[in-house]
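S.K.: Got a structure for you, questions after.
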Amino acid sequence: MNTMLDGDSRLLITSEELESLASEWEVLHAHVPGRLPFTHPAWHRIWLRHFGASSTPVFLSLRDGEQLVGVMALDMGVGHARQLGDPNVCDYAGLLSLPGYEEPCAEGVLEWLVEDLTPALDLWGVPADMPQRAAFVTAAERWGWSSGEAPEAVCPVATLASTWDEFLAALPKHDRHELRRKLRHLDAAGAVSFESVTAPDAVAAGMDRFLELMHLSRNDKDEFLTPAMEAFFRDVATTFAGLGMIRLSSLRLDGHTVATLLSFENESTEFLYNSGYDPLHGHLAVGLLSKAHAIRDAITRGKQRFDFLRGEEHYKRQLGGVPREVLQMHLRQK
């Protein structure tokens with residue numbers, strides 16, 4: 001199947017098996033600026049292994065000549081397609097494409113659906129400020145489809161400064177004062193350290209305490225962490241550690257781990273995937289302060305953004321998080 005590009009070139013759209021496409025997909029992912037962990041083939045492989053038994057996955061490759069320029073992962077129903085996966089564990093989703101190929105790739109996806117006699121596409125996890133949003137709206141217009149949107153979630157993102165002091169100075173006065181006060185209070189309570197591991201073996205070894213503190217920190221997290229979900233988290237952590245995209249961090253007080261964070265990262269951004277803390281040390285605000293230490297660490301490593309991912313918890317705004325809207329998109333053939 002082909003989609004017209006500017007000039008005489010054409011985009012080839014093919015449905016392929018995940019494993020046959022994976023190596024090329026990994027290369028494409030590595031060349032996309034600001035790449036997200038959730039668009040890596042390993043993410044889909046893990047999700048399908050743990051939760052995909054009832055799904056009907058289709059992986060569309062989009063090529064300009066011999067070059068893979070886009071990939072779209074879909075879950076096919078009868079007369080209906082949706083983005084593959086689950087927003088309960090995947091914060092962002094959607095089309096993966098090289099810059100400049102968003103519109104032809106979006107058109108290619110709709111063309112493939114027309115040929116497949118599938119007149120409806122639902123996308124979720126689409127950041128409102130990403131090019132793919134406009135690309136699908138434009139593609140729908142060109143193919144005579146309707147398009148609609150609905151708010152799905154908010155992902156607060158903090159823009160980082162070049163130093164910790166500059167970052168603090170940019171916070172509102174009250175938040176800056178409270179954060180400094182809490183940090184002093186924690187420092188007075190004992191010897192404080194913040195440490196991170198990234199190697200697969202070290203990450204795997206640290207997951208027991210991470211999951212324990214997730215269970216303890218909040219009732220909703222305790223209910224969320226079923227045995228199946230715990231297995232998924234362990235798989236994600238060790239697999240993405242092997243890809244150099246995961247960081248497991250611990251806030252320690254007198255050598256005892258009182259809070260932990262599991263984050264993804266790319267060249268410019270740290271993504272806080274989940275966290276936990278010991279309620280016995282809640283009076284020291286160790287949950288909030290573990291994120292503050294993570295931000296300070298990210299600044300020292302030259303990161304430009306700290307993405308808190310889904311949720312509008314108050315601490316995210318206290319630490320400079322600015323809401324980023326995430327949308328659902330509903331495309332229908334007229």
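S.K.: Just Arg209, Arg180, Arg45 to compare: in a GNM of the chain, with alpha carbon springs under 10 Å, which one fluctuates most?
M.R.: Greatest mean-square fluctuation among the candidates belongs to Arg180.
S.K.: With a 10 Å Cβ neighbour count serving as the proxy for reagent exposure, in which order, fewest first, do His283, His293, His31 appear?
M.R.: Numbers: His283 9, His293 24, His31 12.
Ascending Cβ contact count within 10 Å gives the list His283, His31, His293.
S.K.: Got a sec? Charge dipole of region 157-307, +1 on Cβ for Lys and Arg, -1 for Asp and Glu; which of Tyr277, Ser193, Pro172 is way out at the positive end?
M.R.: So the residue we want is Pro172.
S.K.: Ok, one more. Please report, to one decimal in angstroms, the Kirkwood hydrodynamic radius of region 157-307 built from all distinct Cα-Cα pairs. Walk me through the intermediate numbers first.
M.R.: On the way: mean 1/r = 0.0632 Å⁻¹.
So the Kirkwood estimate lands at 15.8 Å.
S.K.: If one computes the Cα centroid of region 149-211 and of region 246-285, what distance in Å separates the two points?
M.R.: With region 149-211 and region 246-285 each reduced to a Cα centre, they are spaced 7 Å.
S.K.: Next question. How many lysine pairs does the chain hold where the Cα atoms are under 25 Å apart and the two sit 8 or more places apart or on different chains?
M.R.: Counting lysine pairs in the chain gives 13.
S.K.: Something else now. Hey, what angle do you get for helix 18-30 against the long axis of the chain, alpha-carbon based, 0 to 90 degrees rounded to 10?
M.R.: 60 degrees
S.K.: Can I ask one more? Translational D (Stokes-Einstein, µm²/s) of the chain at 25 °C and 0.890 mPa s when Rh comes from the Kirkwood sum over C-alpha pairs?
M.R.: Numbers: Rh = 21.2 Å.
In µm²/s, the coefficient rounds to 116.
S.K.: For every other residue with a beta carbon closer than 12 angstrom to the beta carbon of Leu186, add +1 if it is Lys or Arg and -1 if Asp or Glu, then tell me the sum. Mind showing how you got there, number by number?
M.R.: Numbers: positive: Arg180, Arg181, Lys182, Arg184, Arg252; negative: Asp187, Asp254.
Taking every other residue near Leu186 into account, the sum is +3.
S.K.: Could I ask something else about it? Counting each DSSP H run of 4 or more residues in the chain as -39500 (n - 2.57), what helix-only mean residue ellipticity at 222 nm follows after dividing by all residues, to the nearest 500 deg cm²/dmol?
M.R.: The helix-only estimate for the chain comes to -12500 deg cm²/dmol at 222 nm.
Values quoted throughout were computed directly from the atomic coordinates according to the rules given, and no laboratory measurement underlies them. Since this is a predicted model, take the numbers as computed values, not measurements. Virtual Cβ from ideal backbone geometry, glycine too; neighbours counted across all protein chains shown.
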